[in-house]
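Take a look at the structure set out below.
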Amino acid sequence: MGSVEWGRRKGAFSKGRLTRFEKVKLLMNMGRMTVLEAFDAVREKSGLINAYGADLDGLQPPDTRLVRDAFDLADDVQGLELMRHSWRTYYWAMLLGGYRRLDIDREILFAAAILHDLGLARDRTSEPRQCCFVVHGAERCKAHLVGKGHDRARVRKIADAIGLHLNAYVSERIHGVEAHLLSRGAMCDVFDMGKKRLSGKVLRQVHAEHPKGDLVNGLEIWPGHHLRDTRADFLIGLGGKRKARPQPRLLTQPGE
């Protein structure tokens, strides 16, 4: 559920629409994350969590052509809230990976993080009510980076990580460290899941560099806005959020 190949299904479950089994799986994934968060809360109260922190300068992505091409695309087409969310997602992913001492391919993780909501870009050619925005974004990312001449296997990892990140939980064993951490980073930024593992100092540093603003409108978390039975539609329904007033898309990208 969520890979580029999965997003190409035809028929009743095309365009990222979930089967009944996949809805149950997504619900179980959310339950798993809720249990992990509750366990962290107990450990925190017991003084058993050694909160992790790091110098943000030491977490920067490598200066490679792939990183530059991914960033340039994001900077060209994503609004300020999306860019800030994407940067925070990258940092949370790196920090949560550091907490577990995981070996991370920063190039893949950054490219996936900075483009993980590309399906909500200002110049998108498909609206969320027409197709799962994550599926659309993963396909666009893949086409763009392959078109720039990047290694297809690495691009596939990036695109699959993007497609998988809305699954609530992504298996590190099955899908790799970077896909797992991208999902954890996004869940951390939207739902605060995992923040108990991070030091107050590093939390403040990330929010100082990339402040969290109107995330509901920035991510278009509006009931009825997304294609019925896609992951976004299902998760918004679980949250029971009131509909927020859609904001006009930014015509220019403010500087970070």
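Read-outs: derived from the displayed coordinates by stated rules, not from any lab. Owing to the predicted nature of the structure, the values given are computational and were not obtained by experimental measurement. Neighbour counts are summed over all protein chains in view; Cβ atoms, including those assigned to glycine, are modelled from backbone coordinates with ideal geometry.
A few points about this structure:
- Rounded to the nearest 20 debye, the dipole magnitude of the chain is 980 debye, with +1 charges on Lys and Arg beta carbons, -1 on Asp and Glu beta carbons, and the Cα centre as origin.
- Paramagnetic label zone (point 7 Å from Cα along Cα-to-C-beta, D72; backbone N under 17 Å) in the stretch 106-124: 111-112, 114-115
- Among A168, A179, A93: highest mean-square fluctuation, GNM of the chain, C-alpha pairs under 10 Å: A168
- Most mobile of T230, T89, T19 in a GNM of the chain (Cα contacts under 10 Å): T19
- Where trypsin sites (Lys or Arg not before Pro) fall in DSSP loop in the stretch 1-66, at most 11 other Cβ within 10 Å: K10
- When the chain is treated as a Gaussian network with alpha carbon springs shorter than 10 Å, the biggest mean-square fluctuation among V190, V177, V42 belongs to V42.
- Kyte-Doolittle at least -1.0, axis length at least 27 Å by Cα - qualifying DSSP helices, the chain: 20-45, 80-99
- Here the scattering of the chain is modelled by Debye summation over its C-alpha atoms, one equal scatterer each and no solvent; at q = 0.08, 0.10 Å⁻¹ the log10 of I(q)/I(0) is -0.28, -0.45.
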